[in-house]
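The values are calculated or read from the model by the stated rules, or taken from the named source; none is laboratory data. No experiment lies behind these values; they were computed from the predicted model shown. FYI the Cβ positions are ideal-geometry reconstructions off the backbone, even for glycines, and counts take in every protein chain you see. Calculation scope for accessible area: heavy atoms of the full protein, side chains included, ligands and nucleic acids excluded. Shrake-Rupley method; radii C 1.70, N 1.55, O 1.52, S 1.80 Å.
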There are 2 protein chains.
Amino acid sequence: MESVLLRLLVVLAGVAALGFVGYLVAIILRESPGNEKMQEISHAIRQGAMAFLRREFVTLAVFTVVVFIVLAVFIEPKPLVGIAYVCGTFTSALAGWLGMNIATLANARTANAAIGSWARGLKIAFSSGAVMGFCVVGLGLLGLSIIAFIWEDSHVWLGFAFGASSVALFLRAGGGIFTKSADVGADLVGKVEQGIPEDDPRNPAVIADNVGDNVGDVAGMGSDLYESYVSAIAASMVLGVIVLGGVKGMLLPLLLSGAGIVVSIIGALAVRPKDVEASFEKQVARAHRTMNIGVYVSNILMIIASFFIIRFYIGELGLFWALISGLIAGFLIAQATEYFTSAEYNPAKNIARAAQSGAAVTIIEGIATGFMSTVIPVILVAAATVVAYLFGDLLGIAIAAMGMLINLGMSLAMDCYGPIADNSAGIAQMANLGKEVRERCEALDSVGNTTAALGKGFAIASAALASLAWLATYFQVAKVEIASLTNVAVIAGLLIGGMLTFVFCALAMRGVGHGGFAIVNEVRRQFREIKGLMEGQAKPDYVSCVDIATKMALKSMLLPGILVLTVPLILGFTLGPRAVAGLLAGSLLTGFLVAVMMANAGGAWDNAKKFIESGAYGGKGSDAHKAAVIGDTVGDPFKDTAGPSLNILIKLVGKVAVIFGPILVALVAL
Amino acid sequence: MESVLLRLLVVLAGVAALGFVGYLVAIILRESPGNEKMQEISHAIRQGAMAFLRREFVTLAVFTVVVFIVLAVFIEPKPLVGIAYVCGTFTSALAGWLGMNIATLANARTANAAIGSWARGLKIAFSSGAVMGFCVVGLGLLGLSIIAFIWEDSHVWLGFAFGASSVALFLRAGGGIFTKSADVGADLVGKVEQGIPEDDPRNPAVIADNVGDNVGDVAGMGSDLYESYVSAIAASMVLGVIVLGGVKGMLLPLLLSGAGIVVSIIGALAVRPKDVEASFEKQVARAHRTMNIGVYVSNILMIIASFFIIRFYIGELGLFWALISGLIAGFLIAQATEYFTSAEYNPAKNIARAAQSGAAVTIIEGIATGFMSTVIPVILVAAATVVAYLFGDLLGIAIAAMGMLINLGMSLAMDCYGPIADNSAGIAQMANLGKEVRERCEALDSVGNTTAALGKGFAIASAALASLAWLATYFQVAKVEIASLTNVAVIAGLLIGGMLTFVFCALAMRGVGHGGFAIVNEVRRQFREIKGLMEGQAKPDYVSCVDIATKMALKSMLLPGILVLTVPLILGFTLGPRAVAGLLAGSLLTGFLVAVMMANAGGAWDNAKKFIESGAYGGKGSDAHKAAVIGDTVGDPFKDTAGPSLNILIKLVGKVAVIFGPILVALVAL
């Protein structure tokens, strides 16, 4: 009876998230999409984004069918793991589709609202980000809980999480390659060769570039965190069942997540931008503070809520401390990320200063900064893991991962706010809105750059913690009680796993190179063949650029995708399940470190360039600026392609290991 | 009786190496040091190099005394470990001093010999490289064997290896910072600001730059490999005593090393350059082939010798296969390094092509190449480890590490040939020798670049394998039977260890930045204050540049040195000996990967630049060339500072863990 009531509460929390999404959509659609020009641009971006999604989803569907067949044939309980896998894929894709749909409706509306006031613009952009955030947590919790209530079998739950991983591979890794190919292509021909400004509508790749923001940072970021979220909950449930026993172990993670949704809604509602006439810097600071209030509110409420839930449902507070350790680590990692990337602090300023000595010194300083910035995230994740383990054993680690992700509705709203504000600034520029409006949109964009950078740091740290939880799950599922470093198979696995990160990174960066090259050729072709394009009398063919970038992204993902899916299996079949444990630890370690390094180096270069553009060291057009631009260009694939792809790598490797772990064990036992 | 005879043989092999050094020195000194101008330059380089060594050795002496006291007070058997430590420090420093002494006598002689013929130049430069090589193996084997014959206590042997590590920290990590600070400083003011050519005697930093080649690539490389060599032998002895029992376990590694010295001498004698009139490319190819003959001869002889030694001394061939697996892996890794860095193959060519699209694309392509180049070394090291383990358990891993290093006399001769040839080309330029002589010296230098790049790949791979052997030793010494990835302390150690690499790297690169900055200021000051310097009427103050670079190098090493020495202890005292095992594995994994990435990216950028300079994509002065120069400048601290420093890191962390392991265990047991 009690259990039925609790299940109902969980489902209601999921429904509440989706209801809140409906409320937010209503707010957004109430706003006018602006004048004809704005609508036209927004429409083109929207079409491009949807075309990208359609093509990705077609390939994803084929991929899903193949994996479904493999799972349905080989993995017990047949075919339930396969079915859960399909459900995981579907809900994640749906969340990505919904979030991106609204984001592409909100960009012009944000710009239009900014005509009225910056507070209104902020409200629209934040609401649209929140749509993505609450789609993710709502569909994630609903999907997982319904699957769990129908089939109380932990292997089935894992299948659901595996489905989410596949989507993340396509949207995050593929989206990352898309967005930077388009960006590089647009800049190299537009800015450098033709000398037209950024976001100029004559540039055939300009729409692809704007599509890229949505594809990489809205749908990609959403699917990435959808996966971490679902993984952390599923891992907690699997380990919970073992430690706490059947129903309690299954329900506790779901209840906590439900509470997380409720407090995130309250947090999001607490974001109430107010209009004050102020300077650019003050507006930026205010906007940041306004959104931070939502984070503080939801964090504090969550601490209280989880205390009561764990105190009364479990009876003792060990897991509460585990949860808090993850929550606090996530919060502090965001602060550290801000320190290492924001133009207000020394790291980015030092890069700007180094830019005076030329491009090479800028690159070296940026890479050194990236390397150095791994210290705090690593120590925090290690500390959270140790604390969580002391208070809650392996289950504690999974609960700590949940703690980091528990307010995902609210934090993802802030992350996804960034690209929408970025798009609105682009539209304000392309549609020639007045100087004041453009400045407002740029103020919104500027905060967005910070929140997006913090989001990246957070996404990486939560991926690392979720992967640790998943490693713990692997030990249970594959019945690996010991994977000692004294065992040579573990060492070999560790080396191969570490290497996998480096290969994955190289392939992702190469993908951007090839994609960018293809776009450059297409843009050059259009400038050459379409008469009157440069004079603004003819329209460029935006669609073909989007199409090329999508194709290249899919093509570039093929090899890394195959590697991630097969290497754990090959290693497992040759060197045994312990080698796979080594592989997971190795890829987790290097993936985490390299991803943090790349994200922070990229962010710091970006802001060093902006710092110079604000007038330091000679400002725009100076030699220092040119060097900083090179740094920023190197940083783009670092932070937007290779870094985020590593989140996917470390999680996906873990999924494959857990799903196929039982077969490995059975085969080795033969 | 038999044992006494064998001991005698080992000592004789060590003495033979030193005798061969005497023979080589005689060959070198027979050659005239050239005209007055050449002698003057050579003398300045020599003085600078010796000034560097003196200052490093003074600090090293203080460091050694402090560590000696700590060891003598805390580590059993007291004070023998401390004494062995001092002996290890002294022999390694002596090898570095001797090698560098001869190298700085040989540079002008190489240039002078090249006036006669390029074959004579090659002979002198190679002989001088061989001095370093045979000093290292001779002093290493003599020192270790005498210590072992006096005190048959494995803890004492480990102390000797720890001593070698301290020297490597100062000469390799410090030397790496010195060499690139001087290089950056010389180039930025000389080439860029004043527009004078490279190696122009008016540049106050030009001598420091040439000193840097000796400091980093002769003394640094030598001390790095001295440490790997001694570590691999010592680890084999410690594990040998456990597995094979007392005398046999101790003597087998020493006998194999002795045989390695003999076959290396034969290999070195087989390097017989002949004079043929040929084009630049052909001369380069011939020079490379001439030296490779030495490698082939010594490798083949060593395979035969080790077969008989192991067959008749041990009776069964398991360890033979372990040795061969390391030897072959080392050989193949050198081939892979050549593929990824040489201008003849696609990776460097692709970077050159990317340079057409600007500096940012060059950097991205280079980093992607570096990431990709980790695949083969990692797979080979993992495979060698697995094979060695299957055939010889943990002892097999140590023997495999020995196998990779067994012909070190010969391979180090090739590595150290490079900087001497480089110096001779500089002297030919500065002393205005004729065009023909300069070209010959440049041909010699060109081969040297390749052998130096291969040497770096080899140094890293052997450091990784030696560290694995050392990890195995740690398990024995600290009585850690299991360090499972299911243990949260191991995971925390893994994360912290991985991070240590990134911090170490960042600090090394920063060191170059600060050092270069200081040199730039000094060079600018001299151009400003010394009247007639630019006109060639006044002499610059070379000494002050050397002095500043030395001081900065020592200063920059302080923090990384302290970190490496203290973090393992802090972790051990808080999370226990298993966490330290995680730390070693974590730093080994990321250190190996990042070092390979940096060395190969740096090498590939270097050769991509040279490929363009040979006329491709517009040749010298083109935009592609400018981009390639930026790539090369980023690559310099990658391949010459940060990468090599990581060798030291992963080995030194292991040493600290092994030496202090017993105390950790005792304290935890309290």
> Which ones in the stretch A:620-634 are facing chain B (nearest Cβ under 9 Å) and surrounded by fewer than 18 Cβ atoms within 10 Å (Cβ to Cβ)?
Replying inline: none
> Going through the stretch B:141-164 one residue at a time, which ones are open to solvent by 10 Å² or more (accessible area, probe 1.4 Å) and within 13 Å of B:Ser236 (Cβ to Cβ)?
Replying inline: B:Ser154
> So which residues in the stretch B:382-391 are open to solvent by less than 10 Å² (accessible area, probe 1.4 Å) and either of a type in the set (Val, Ile, Thr) or more than 24 Å from the chain's Cα centre (by Cα) (or both)?
Replying inline: B:Thr385, B:Ala388
>> If I filter the stretch B:635-670 down to residues being touching a Lys or Arg at 6+ places or on another chain (Cβ under 7 Å) and among the hydrophobic types (A, V, I, L, M, F, W, C), which single residue comes out as farthest from B:Gly216 (Cα to Cα)?
In response: B:Val665
> Just one of A:Val247, A:Val241, A:Val295 is aliphatic (A, V, I, L, M) and more than 30 Å from A:His155 (Cβ to Cβ); which is it?
Replying inline: A:Val295
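In the stretch B:527-555, how many are open to solvent by less than 20 Å² (accessible area, probe 1.4 Å) and closer than 30 Å to A:Met372 by Cα? It would help to see each step written out before you state the result.
Looking only at the stretch B:527-555, we keep the residues that are open to solvent by less than 20 Å² (accessible area, probe 1.4 Å), and these are B:532-533, B:540, B:545-546, B:549-550, B:553.
In the following step, the residues that additionally are closer than 30 Å to A:Met372 by Cα were identified as B:545-546, B:549-550, B:553.
Qualifying residue count, the stretch B:527-555: 5.
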>> If A:Phe592 satisfies all but one of (1) more than 19 Å from the chain's Cα centre (by Cα); (2) within 12 Å of chain B (Cβ to nearest Cβ), what's the number of the condition it fails?
In response: (1)
> Tell me, which residue of the stretch B:327-351 that is within 14 Å of chain A (Cβ to nearest Cβ) and open to solvent by less than 40 Å² (accessible area, probe 1.4 Å) is nearest to A:Asp632 (Cα to Cα)?
Replying inline: B:Ile351
> Do we find a residue being more than 9 Å from chain A (Cβ to nearest Cβ), among the hydrophobic types (A, V, I, L, M, F, W, C) and open to solvent by 20 Å² or more (accessible area, probe 1.4 Å) anywhere in the stretch B:357-375?
Replying inline: no
> Of all residues in the stretch A:248-285, which are under 30 Å from A:Phe475 (Cβ atoms) and open to solvent by 60 Å² or more (accessible area, probe 1.4 Å)?
Replying inline: A:Lys248
> Just one of B:Leu646, B:Leu588 is in contact with a Cys (Cβ under 7 Å, 6 or more places away or on another chain), crowded, with 24+ Cβ neighbours inside 10 Å and either at pLDDT below 95 or assigned to a helix (DSSP H, G or I) (or both); which is it?
Replying inline: B:Leu646
> Given A:Leu533, A:Leu554, A:Leu494, which one is within 13 Å of chain B (Cβ to nearest Cβ) and either out of contact with any Cys (no Cβ under 9 Å at 6 or more places or on another chain) or not polar (S, T, N, Q) (or both)?
Replying inline: A:Leu494
>> Given the criteria open to solvent by less than 10 Å² (accessible area, probe 1.4 Å) and in a helix (DSSP H, G or I), does A:Val184 qualify?
In response: no
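Please work out if B:Ala322 is in contact with a helix residue (DSSP H, G or I) (Cβ under 6 Å, 6 or more places away or on another chain), open to solvent by less than 40 Å² (accessible area, probe 1.4 Å), away from chain A (no Cβ under 14 Å) and touching a residue at least 60 places away in the same chain (Cβ under 8 Å).
In short, no.
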> Any residue at all in the stretch B:556-570 that is closer than 19 Å to B:Ile207 by Cα and in contact (Cβ under 8 Å) with a residue 12 or more places away in the chain?
Replying inline: no
> How many of the residues making up the stretch A:382-400 are more than 9 Å from every other protein chain (Cβ to nearest Cβ) and either without any contact (Cβ under 8 Å) to a residue 60 or more places away in the chain or among the hydrophobic types (A, V, I, L, M, F, W, C) (or both)?
Replying inline: 7
> Can you tell which of A:Val247, A:Val218 is in contact with a Cys (Cβ under 6 Å, 6 or more places away or on another chain), more than 15 Å from A:Lys655 (Cβ to Cβ) and assigned to a helix (DSSP H, G or I)?
Replying inline: A:Val218
> Within the group A:Gly576, A:Gly516, which residue is at pLDDT below 90 and open to solvent by less than 20 Å² (accessible area, probe 1.4 Å)?
Replying inline: A:Gly516
>> Can you tell me which of (1) crowded, with 24+ Cβ neighbours inside 10 Å; (2) over 22 Å from A:Arg46 (Cα atoms) is the one A:Lys191 doesn't meet?
In response: (1)
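Residues of the stretch A:475-489 being part of a helix (DSSP H, G or I) and within 7 Å of chain B (Cβ to nearest Cβ), which ones?
Matches in the stretch A:475-489: A:Phe475, A:Val488.
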>> Take A:Ile379 and tell me if it is touching a helix residue (DSSP H, G or I) at 6+ places or on another chain (Cβ under 6 Å) and either surrounded by fewer than 24 Cβ atoms within 10 Å (Cβ to Cβ) or within 12 Å of chain B (Cβ to nearest Cβ) (or both).
In response: no
> Has the stretch B:419-428 got at least one residue that is more than 30 Å from B:Ser236 (Cβ to Cβ), within 14 Å of another protein chain (Cβ to nearest Cβ) and in a helix (DSSP H, G or I)?
Replying inline: no
>> Within the stretch A:445-464, does at least one residue satisfy the condition of being open to solvent by less than 10 Å² (accessible area, probe 1.4 Å), part of a helix (DSSP H, G or I) and within 9 Å of chain B (Cβ to nearest Cβ)?
In response: yes
>> Yes or no: the stretch B:501-513 includes at least one residue that is more than 22 Å from the chain's Cα centre (by Cα), more than 7 Å from chain A (Cβ to nearest Cβ) and either assigned to a helix (DSSP H, G or I) or modelled with pLDDT of 90 or more (or both).
In response: no
>> As an exercise: evaluate B:Glu56 against (1) under 28 Å from B:Val137 (Cβ atoms); (2) at pLDDT 95 or above and give the number of the one condition it does not meet.
In response: (2)
